[in-house]
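As structure tokens, the structure follows; a few thoughts come after it.
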């Protein structure tokens, strides 16, 4: 009698495992698309288009060159910020391993003002906005017109 119970229990458990395993793996796959904390991101360059922009005019887009040192593609939201203000945002961007060139629309309300406007880029990593590593600051300064061009900028994005 004990062997019948054991066989019945084994059959029941194996049926449950066969039915539930694909669902559990599918749930993992859905979550696996998001960028994770171990994924290293680094900003190589940040520019605007058009460049230069006349005082009071609107820049059309931010151009971000970002290196992603992941082994797989991942999906994230990317934010360009000036201080506390979000001045550009793109949703559901799919990062590939290597260098990604991303064009992010500028917020309609954003206009340059003051003496300097420094920007940073953030990405949504596991539901939290994280500032992305960068080797330098990215600032626009007025020189008769606002520009982010630097002496080492040669080509890159088409303007």
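None of the figures in this text is laboratory data; all of them are computed from the coordinates on show. None of these values were measured; they are calculated from a predicted model. Cβ placement follows ideal geometry from the backbone for every residue including glycine, while neighbour counts extend to all protein chains displayed.
Look at 141, 65 and count the other Cβ atoms within 10 Å of each Cβ; fewest to most, that gives 141, 65.
A simple spin-label model places pseudo-atoms 7 Å from Cα toward Cβ; at residue 141 and residue 58 they are separated by 2.8 nm.
Extents of the range 41-147, taken as max minus min of Cα coordinates on every principal axis and listed largest first, are 45, 22, 19 Å. In terms of surrounding Cβ atoms within a 10 Å radius of their Cβ, 80, 99 rank from fewest to most as 99, 80. Looking at the range 41-147 alone, DSSP beta bridges between its own residues are antiparallel in about 95 percent of cases.
Each distinct pair of alpha carbons in the range 56-105 adds a 1/r term; the inverse of their mean, the Kirkwood radius, is 11.9 Å.
A Förster radius of 30 Å combined with the Cβ-Cβ distance from residue 36 to residue 101 puts the calculated FRET efficiency at roughly 0.85.
Rounded to the nearest 0.05, the FRET efficiency derived from the C-beta distance between residue 152 and residue 108 at R0 = 22 Å is 0.10.
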